[in-house]
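Read the structure below first, then the notes.
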Amino acid sequence: MEALSGHKKLVLVSCGMCAAKCQTGGTEEAKAMAEKLINEGFEILSTIVIEEPCDMRISRVDLRRIEDSVKEADALLSLACGLGAQSITEVLSKNYPHIPVYVGTNTEFMGMTERIGRFYMRCRGCGSCLLNETGGICPITTCAKSLLNGPCGGQIDGKCEVGDYKNPCGWIQIYERLKQLGKLDLFSKLRTSLSWQESGHQREVVWR
């Protein structure tokens, strides 16, 4: 509400994919948010659920369908992850650079889904994937300290000291998995620190 202060006419853009699965986007959440905004005195010109707003091609086509509303809007509110919001911003800035895009969600991580309402951080997209060496378990996300060469001295009975020994130690999990695979030799492999050239910012992949 603080971000939307000073605006009146809004277009609500909701993600029909990941955010819908997280129940922070999709059709039902868009309806709920629209009602909330109307109660707060905003005018909702249009609400659209874009299947994959992080794909600029899809966002471009779908936003064109509601272009009359976009023209009249003071701002767009995105119920998508940070990728979706930035994709919408880039698409919108071509023809309507004066219209801001605000986020209505707070992206926390890329997660693995077990069931609705339960998500686990399992990848940070670091660009230096170690899964082939660690039995398919990522030490960057399952180790609270993102250690690359085995557990620290703070683990007790396979539990991590971070979080008061409630969570499993990522490296003990890796050890047990490598043991199952008969590849414990990989456990003692010395790994150098991550290459910031690969895991730093301003990265892109261009393969065509």
Scanning region 67-84 residue by residue, the ones that are in a helix (DSSP H, G or I) and closer than 20 Å to residue 9 by Cα total 6
Checklist entry - On the given criteria, is residue 163 of a type outside the set (S, T, N, Q) and under 18 Å from residue 189 (Cα atoms)? => result no
Exercise for review: State whether one or more residues within region 156-167 are touching a residue at least 24 places away in the same chain (Cβ under 8 Å) and either over 17 Å from residue 132 (Cα atoms) or among the aliphatic types (A, V, I, L, M) (or both).
Suggested key: no
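So that you can scan it fast, the table gives a plain yes or no per residue for (1) within 15 Å of residue 17 (Cα to Cα); (2) among the basic types (Lys, Arg):
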residue: 35; (1), (2): no, no
residue: 53; (1), (2): yes, no
residue: 58; (1), (2): yes, no
residue: 78; (1), (2): yes, no
residue: 106; (1), (2): no, no
residue: 112; (1), (2): yes, no
residue: 120; (1), (2): no, no
residue: 124; (1), (2): no, yes
residue: 130; (1), (2): no, no
(1) in contact (Cβ under 8 Å) with a residue 12 or more places away in the chain; (2) closer than 22 Å to residue 45 by Cα all hold for residue 134 apart from (2)
Residue count, region 107-131, condition under 18 Å from residue 189 (Cα atoms) and either hydroxyl-bearing (Ser, Thr, Tyr) or without any contact (Cβ under 8 Å) to a residue 60 or more places away in the chain (or both), comes to 3
Condition set within 18 Å of residue 103 (Cβ to Cβ) and touching a Gly at 6+ places or on another chain (Cβ under 7 Å), scope region 26-62, selection surrounded by the most Cβ atoms within 10 Å (Cβ to Cβ): answer is 53
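Filter region 28-66 down to the residues that are part of a strand (DSSP E or B) and of a type in the set (Val, Ile, Thr) and list them by number.
Applying the first criterion (part of a strand (DSSP E or B)) to region 28-66 yields 43-50.
Scanning region 28-66 gives 44, 47, 48, 49, 50.
Since every read-out is calculated from the coordinates, none of them should be taken as a lab result. These figures come from a predicted structure and were not determined experimentally. A quick note on method: Cβ atoms are made from the backbone with ideal geometry, for glycine too, and the neighbour counts reach across all protein chains shown.
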